[in-house]
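To keep things clear, I will list the structure first and then write my remarks on it.
The values are calculated or read from the model by the stated rules, or taken from the named source; none is laboratory data. Model, not experiment: these values are computed from the prediction. FYI the Cβ positions are ideal-geometry reconstructions off the backbone, even for glycines, and counts take in every protein chain you see. Ligands, DNA and RNA are stripped out before the accessible areas are found, and what is left, the full protein with its side chains, is counted by its heavy atoms. Shrake-Rupley method; radii C 1.70, N 1.55, O 1.52, S 1.80 Å.
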Amino acid sequence: MNNLLKKILFIDLIKGLLITFKTIFTTPVTIRYPKQKRPLEDGFRGRHAFVRDPETGKERCVACTKCAQVCPSQCIYIDYSINSETGARVLTKYEIDALRCIFCGYCEEVCPVNALVLTEFFEYASYTREDNYFNKEKLLSNWDEFIRQYEKTEYLNKFWHLPGIGRDRLPIGKREPKAVSKKEESQ
Amino acid sequence: MGQLEIEKISDTTFVLQMGPHHPATHGVLKLWCEFEGERVINIKPDVGYLHRGVEKLSESKTYPGAMTLTDRLDYISSMTNNIGYCLTVERLMGIEPPRRAKFIRTIVSEMTRLSSHLLWLATHALDIGAMTVFLYAFREREQILQFFEKICGARLTVSYPRIGGVRVDIEKNVLDEIDKFMDEMLRRVDEYETLLTENRIWLSRTKGVGQITAEEAVSLGLTGPALRGSGVYYDIRKLMPYDAYPEVEFEVPLGENGDTYDRYLCRIREMRQSALIVKQCIEKMPEGEVLSEKSPDIDIPHQGKRKIEAGDSLWSGFIAFSQEKHDLMPKGEIYSAIEAPKGELGFYIVSDGSGRPYRMRVRAPSFIHISAIPKLCEGHLLADVIAIIGTLDIVMGEADR
Ligand code: SF4
Ligand code: SF4
């Protein structure tokens, strides 16, 4: 009886319609993308960059080739020569094919000196494939571009220090990494 | 694809090829349907349009590298795929993740279940004609994806767990936010139910459609909500508990009739349970590290480390290298399964001791659910075929691998 009454009075549909009606008065959750942008979270895995060391003005990479070994899509190419005086490795070629990258973040996690980073920058679609084939200079300029539009004054990626993992398991460079401070533009 | 074509039974029937570009087939599934009037006589699913060779490809990756491929199986719920794979390798190696990592994994896998069920609800309702639910469900799903972004930096292909734990810790404030969101989520689920559960259109489109008895469902190999809708108590979280599931309390919702409506109710109730599990986990969250001591390095070599001692010739170094390559991992075979949002997701790994899986096989629930389509569709109308594909919750990335 009760059910029949409900059916005749369209209670089931009216209840649903009330919810949709109430939703009219809530604030919209959508944003108008190219004009408005959603702030990205810390540690977002976006475009690759080489950190420009604020002290030397160069990249930090020591050519250990760990990132190339660990990369699941094998899109990092490294060449190095050995400085005959100091015995140190000198980076001669460093290239990332971002079109093949799957943004797993393994490379930035494994890098012992935190040279490589996946920045919080995601709008880099391009008309040519070459634009997304990064060499060393491009990677450094990626960093400049990123840090210019970065809002906070210091940048510390969470994959650089890996919170929650025992410090003694990590290479020395990853135990207590220093945040990279943003340099003033005018200088 | 000549061999799959249907031979017509008589002149009064006609054959319709549905898909692979049909929006309601949820991906690139193709169905050869034979109709008599508008009634289905015969259906043959045709799969393989999204085959990428994940199983073969993983044989050339190291164990941590192959985990990133599992993201791309069921791309709606990549966390559970990762966890299933990591769990299998952990069981192979005999390591146990720390307690905090277990709780974190439980939280993220339940959030994945929520997001997967939300997507299912959205598309299923959209297929049947309820547009509003689609918009509402995506609103909540977006928030879950945003939490994933906060936790690990990626929204869809997360690659968050690691063999022996998870990659990074979750901050306290993110946990609090998740806790708050789960309260909201419970309210939202009530909202969806008000829109659908008693709605007469929804009832007439789902009740009695795609009915399957418990015995048939078991013999077809259905798992997950598709099986529980028929009233079979089978949930790996309860029967073979992994991660932190033994320490939380939850119910396994069961249906009775095994039709589309019961499966819908099962999933809706499961969403409530998931939200409650997440809340319990956050409450009980222990402190500590998130990665086990024995977990293999992310840059584990393919083969053994090359050891060339002073005074050795290159040749003896080579011998040592090729002899040693088979003791990085324990040798053997292992199968282990988890309860993914869509059903039992199993990984079968054969290890020859090197740093790469010798063979990896994925038991994907979607693939097995596709094989139930002919049985479920028998005698139904064309419009019900859409409802049945929706109710099985198929993702082709997982079925074709
Ligand atoms: S993010 Fe992953 S796929 Fe991309 S370059 Fe780094 S390691 Fe390779
Ligand atoms: S892991 Fe870091 S230091 Fe080593 S080669 Fe890659 S970028 Fe350079």
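A few remarks follow.
- Residue match in segment A:102-110 (condition: away from ligand 2 (no atom under 15 Å from the Cβ), without any contact (Cβ under 8 Å) to a residue 60 or more places away in the chain and loosely packed, with under 13 Cβ neighbours inside 10 Å): no
- Test: residue B:145 is open to solvent by 10 Å² or more (accessible area, probe 1.4 Å) and either more than 25 Å from residue B:201 (Cα to Cα) or aromatic (Phe, Trp, Tyr) (or both): yes
- Residue check, residue B:138 within 11 Å of another protein chain (Cβ to nearest Cβ), among the hydrophobic types (A, V, I, L, M, F, W, C) and open to solvent by less than 40 Å² (accessible area, probe 1.4 Å): no
- Complete set of residues in segment B:349-401 that are surrounded by 21 or more Cβ atoms within 10 Å (Cβ to Cβ) and at positive phi: B:393, B:401
- Of the residues making up segment B:153-164, those that are touching a residue at least 12 places away in the same chain (Cβ under 8 Å) and within 8 Å of another protein chain (Cβ to nearest Cβ) number 2.
- Residue in segment A:40-53 that is within 14 Å of chain B (Cβ to nearest Cβ), part of a loop (DSSP other than H, G, I, E, B), among the hydrophobic types (A, V, I, L, M, F, W, C) and more than 16 Å from ligand 1 (Cβ to nearest atom) present: yes
- Pair list, Cβ under 6 Å, 6 or more apart: segment B:215-230 residue modelled with pLDDT under 85 and among the acidic types (Asp, Glu), other residue open to solvent by 10 Å² or more (accessible area, probe 1.4 Å) and not in a helix (DSSP H, G or I): none
- Sole exception among (1) within 14 Å of chain B (Cβ to nearest Cβ); (2) out of contact with any helix residue (DSSP H, G or I) (no Cβ under 6 Å at 6 or more places or on another chain); (3) within 7 Å of ligand 1 (Cβ to nearest atom) for residue A:106, by number: (2)
- If you go through segment B:383-401 and keep only what is over 23 Å from residue B:265 (Cα atoms) and part of a helix (DSSP H, G or I), you end up with B:396, B:397, B:398, B:399, B:400.
- Listed by first and then second residue, the pairs linking a residue in segment B:279-292 that is on the phi > 0 side of the Ramachandran plot to a residue that is buried (at least 19 other Cβ atoms within 10 Å of the Cβ), with Cβ atoms under 6 Å apart and 6 or more places separating them unless they lie on different chains, are B:288/B:98; B:288/B:100.
- Odd one out for residue A:121, checked against (1) within 10 Å of ligand 2 (Cβ to nearest atom); (2) within 16 Å of residue A:138 (Cα to Cα); (3) surrounded by fewer than 21 Cβ atoms within 10 Å (Cβ to Cβ): (1)
- Selection within segment B:55-69 - in contact (Cβ under 8 Å) with a residue 60 or more places away in the chain and either within 12 Å of chain A (Cβ to nearest Cβ) or part of a loop (DSSP other than H, G, I, E, B) (or both): B:58, B:60, B:61, B:62, B:63, B:64, B:66, B:67, B:68
- Which listed residue, of B:296, B:286, B:301, B:241, is in a loop (DSSP other than H, G, I, E, B), open to solvent by less than 30 Å² (accessible area, probe 1.4 Å) and either at pLDDT 85 or above or in contact with a Gly (Cβ under 6 Å, 6 or more places away or on another chain) (or both): B:286
- If the condition is being closer than 23 Å to residue A:177 by Cβ and within 14 Å of ligand 2 (Cβ to nearest atom), then segment A:124-149 contributes A:134, A:136, A:139, A:140, A:142, A:143.
- Applying the condition of being of a type in the set (Phe, Trp, Tyr) and part of a loop (DSSP other than H, G, I, E, B) to segment A:1-28 and asking which residue is farthest from residue B:143 (Cα to Cα) yields A:10.
- Residue in segment A:51-65 that is surrounded by 13 or more Cβ atoms within 10 Å (Cβ to Cβ) and among the polar types (S, T, N, Q) present: yes
- Per the listing A:31, A:76, the residue uniquely within 16 Å of ligand 2 (Cβ to nearest atom) and under 30 Å from residue B:148 (Cβ atoms) is A:76.
- Criterion violated by residue A:5 - all others in (1) open to solvent by less than 100 Å² (accessible area, probe 1.4 Å); (2) under 47 Å from the mean Cα position of the chain (by Cα) satisfied: (2)
- Residue in segment B:170-190 that is crowded, with 22+ Cβ neighbours inside 10 Å and within 9 Å of chain A (Cβ to nearest Cβ) present: yes
- Looking at B:196, B:227, just one residue is over 27 Å from residue A:167 (Cα atoms), within 14 Å of chain A (Cβ to nearest Cβ) and either in contact with a Ser or Thr (Cβ under 6 Å, 6 or more places away or on another chain) or buried (at least 22 other Cβ atoms within 10 Å of the Cβ) (or both), and that residue is B:196.
- Against the conditions (1) within 8 Å of chain B (Cβ to nearest Cβ); (2) surrounded by 14 or more Cβ atoms within 10 Å (Cβ to Cβ), residue A:29 satisfies every one except (2).
- From the options A:66, A:58, A:35, residue that is within 16 Å of ligand 1 (Cβ to nearest atom) and either under 29 Å from residue A:154 (Cβ atoms) or away from chain B (no Cβ under 13 Å) (or both): A:66
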